[in-house]
1. Filtering the range 162-186 down to residues that are part of a loop (DSSP other than H, G, I, E, B) and hydroxyl-bearing (Ser, Thr, Tyr), which residue is nearest to Asn206 (Cα to Cα)?
2. Looking at (1) buried (at least 18 other Cβ atoms within 10 Å of the Cβ); (2) under 17 Å from Leu438 (Cβ atoms); (3) out of contact with any Ser or Thr (no Cβ under 6 Å at 6 or more places or on another chain), which one does Ile403 not meet, given that it meets all the others?
3. Of the residues that sit in the range 85-133 and are β-branched (Val, Ile, Thr) and in contact with a helix residue (DSSP H, G or I) (Cβ under 9 Å, 6 or more places away or on another chain), which one is nearest to Lys42 (Cα to Cα)?
4. Output the number of the condition that Gln119 fails; it satisfies all remaining conditions of (1) out of contact with any His (no Cβ under 8 Å at 6 or more places or on another chain); (2) assigned to a helix (DSSP H, G or I); (3) more than 30 Å from Pro74 (Cα to Cα); (4) modelled with pLDDT of 90 or more.
5. Criterion first (over 30 Å from Arg2 (Cβ atoms) and at pLDDT below 95) does Glu100 satisfy it?
6. Give the number of residues within the range 172-187 that are over 25 Å from Tyr109 (Cβ atoms), over 22 Å from the mean Cα position of the chain (by Cα) and surrounded by 13 or more Cβ atoms within 10 Å (Cβ to Cβ).
7. Of everything in the range 22-72 that's among the charged types (D, E, K, R) and in a strand (DSSP E or B), which residue is farthest from Leu8 (Cα to Cα)?
8. Any residue at all in the range 50-63 that's touching a residue at least 40 places away in the same chain (Cβ under 8 Å) and in contact with a Leu (Cβ under 7 Å, 6 or more places away or on another chain)?
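The values are calculated or read from the model by the stated rules, or taken from the named source; none is laboratory data. Since this is a predicted model, take the numbers as computed values, not measurements. Virtual Cβ from ideal backbone geometry, glycine too; neighbours counted across all protein chains shown.
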Amino acid sequence: MRTEFEKLAAAGKIERRHVEPLTHLAESGCCVHRSWGFGRIKTVDTVFARFTIDFPGKPGHAMDLAFAAESLKPIPKDHILARKANDLDGVRQLAAHHLELVKLVLNSYGGRATAEQIQQALVPDVIRDDWKKWWETARREMKKDGHFIVPAKKTEPIVFQAQQTSLQDRTLADFRKAKGLKARVAVVAELLKVIPDLTDKQAAANEIIPALNSDIVSHQRTQPAVALEAVFARDDLRASAETAPVEGEVTAAQIWLQEHVKFGPVMEGIPAAKHARALESFKQANPERWIEVLRGALNLVSAKLCREFASLLVHEGKMDLLKETLVRLVSQHTASSELLLWLGRDRSDAFADVLGPEVFRAMLTAMERDQFNEKRSNRLREFILDDHELLAELTASADIEVIKDLTRALQFSPVFDDMDKRSLLARLVKAHPAVQALVSGEQTRQEASLLVSWESLERRRAEYQELVQKK
């Protein structure tokens, strides 16, 4: 096609600088437009100097050659987009070979692409169902293969390299490049998933564990949550690599027993997957006081941690103490919105003697209190609105007068707007029709007669006449 385009340039129908890009477009047969996306070039008309291109939603679109040279980018025939357009069935068959398909996508985008970019290229045309399962398998295979660099962060690009690097070398290189203890712990977490495939896991552990120990010492006072997470990672690596403990290294118990360490904030700083392990380590470090610490922290932590604390207390046979704490906080209206959120979400027969109308009253108080906090949270409010059974279950066995008081409290509460308030009141009316009149404002009024003595009546009449006639 180059000859034809050169003739058009000589005739003045296109500019000389357009010959090269037009040649590439015609030879590739596929292109990308910044607004219309991927296109297939169907015909090249050298008489009228135009392309006919099929774009999504714009089939058979005619485009001037000069404009095409300026606005279109050619797509090579081995690009994933071109392969899908020309041989979709073949690409779908390639999906059975995870590494080959990922390699095709990466090479299409210059040797690197994020997981999101890969998903956009393959779903739903190539991978039509269960992308997550397919991708997890592909990730595992890439980590073992020496041609792929798979970062710990999902937002960072996956890189394909022609030269093969062993899994051990890549893992140790990632650890050395990691900045900060938190990043190093993340690398170790990934390493633990593939440690059976390392060529010399003891050598890897012998390099990583001393580095972790050094960082743990420097972080145990300033960032105890990160230090604790690093202790867990170090111990897991040692167990997997079957290496001996190092004398004098910092333990989880030593971190917990520091004077300045605050239990609640440390637990909040630990990933959810490590909550149960962190709690167990705290329990072992504080066998005499762990129960009281957990009971005291229930009102200070997130709903997720409330669930973990409650589970441990119940598992250790401390259900009565847990209920005692909950009843006290609810009855005094001092329970936090996060604690009440957990109690509402995880309500069960085990807490039947705690759950009642007073819980909803405590919820209203907690939400009103939250309005004055710097960090406001609407999680409890959204939960109440979304759970259509909550009000009915909390008030199921309550006396009608209690329900009426609760209805009035809801009517005057500032935490819900009018529409949401009407929705909640409707749920109360549905569960307890007796409060319909209170909600609609159509309370019946009974007129009562006024009984007075004749002497008093005559005296009042005389006073009235005197006021009217004389004054």
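1. The qualifying residue nearest to Asn206 (Cα to Cα) is Ser166.
2. (3)
3. Val91
4. Every listed condition holds for Gln119 apart from (3).
5. Taking the combined requirement at face value, the residue does not satisfy it.
6. Residues that pass the stated criteria total 5.
7. Lys58
8. Among the residues of the range 50-63, not one is touching a residue at least 40 places away in the same chain (Cβ under 8 Å) and in contact with a Leu (Cβ under 7 Å, 6 or more places away or on another chain), which makes the answer no.
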